[in-house]
Amino acid sequence: MNKILIVGPSWVGDCMLMQPMLMRLKQRHLGCRIDVLAPPWTAVLLHAMPEVHDVIVNPFPHGALHLAARYQLGKQLRAAHYDQAIVLPNSLKSALVPLFARIPLRTGFVGEARYGLLNDARRLDKTVLPLMVERFAQLAETPD
C-alpha cells in the first residue's frame with residue numbers, strides 16, 4: 001500500500017483513538033502516505049499526528065446525505081490514486097466517498113448495510129474487541 005485514505009470519525013475523542021491504527025499502518029506499509037478525511041474541528045489534532053500526511057476537510061454536516069456533493073468529492077479524490085480506504089464510522093454515508101473515488105480496497109466494519117460499498121467488509125465481534133481503540137487498530141490488519 002502506498003496511499004491510504006482514512007475516513008475519520010466525527011468526534012475529537014475518537015480521532016485520538018485512531019492513532020494506534022495509524023502507527024500500525026506505518027509499520028506494516030513502510031513509506032506509505034496516510035491522508036485523513038475528517039470534519040474541520042478535528043483537523044488541528046490530526047495535523048499533530050506524525051503519521052498523517054494531509055487532512056482533507058469533510059464538508060458534510062453530521063448526519064447529512066448530500067449525495068451529489070459526496071459524489072463530486074469522491075470524483076476529485078480519484079486524482080490521488082489511493083490504494084486503500086479505511087472507513088472508521090459505521091454509517092452508510094461515510095463509505096460513499098471512497099466508493100465514488102474508485103479506491104480499489106475499501107475496508108471497514110459492515111455497519112449500516114454497506115455491502116457493495118466496502119469490498120473488505122469485516123464483521124465486528126464486540127466481545128472480542130470491546131474498546132473502540134481495538135476496533136480501529138484491527139482495521140489496520142490483514143483480513144483473516
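Values quoted throughout were computed directly from the atomic coordinates according to the rules given, and no laboratory measurement underlies them. Computed from a predicted structure; not experimentally measured. Note that each Cβ is placed from the backbone with ideal geometry, even for glycine, and that neighbours are counted across all protein chains shown.
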Potential extension, His53-Lys26 segment - 0.36 nm per residue separation minus Cα distance: 8.6 nm
Amide H neighbours of Leu37 under 5 Å, counting only residues 5+ apart in sequence or on other chains, H built in-plane at 1.01 Å? Ile6, Val7, Gly8, Ile56
Under a Cβ-Cβ cut-off of 11 Å, what is the net charge of the residues other than Phe109 that fall near it, where Lys and Arg count +1 and Asp and Glu count -1? +2
Skipping prolines and chain starts, which residues have an amide H placed within reach, meaning under 5 Å, of the one on Arg122, given they are 5 or more residues away or on another chain? Gly108, Phe109, Val110
Please give the net charge around Ala69, taking every other residue with its beta carbon less than 13 angstrom from that of Ala69, where Lys and Arg add +1 and Asp and Glu add -1. +3
Please list 3J(HN,Hα) in residue order for segment 13-19, calculated via the Karplus relation 6.51 cos²θ - 1.76 cosθ + 1.60 where θ = phi - 60°; whole Hz, with x for glycine and proline. x, 5, 5, 5, 6, 8, 4
Which whole number in µm²/s is D for segment 1-81 by Stokes-Einstein, with the Kirkwood Rh taken over Cα pairs at 37 °C and 0.692 mPa s? 247
Based on alpha-carbon positions alone, could you give the equivalent ellipsoid semi-axes of the chain from the gyration tensor, as √(5λ), descending, whole Å? 20, 18, 16
Return a whole-number percent for the relative contact order of segment 3-138, with Cα pairs under 8 Å and 6 or more residues apart as the contact set. 25
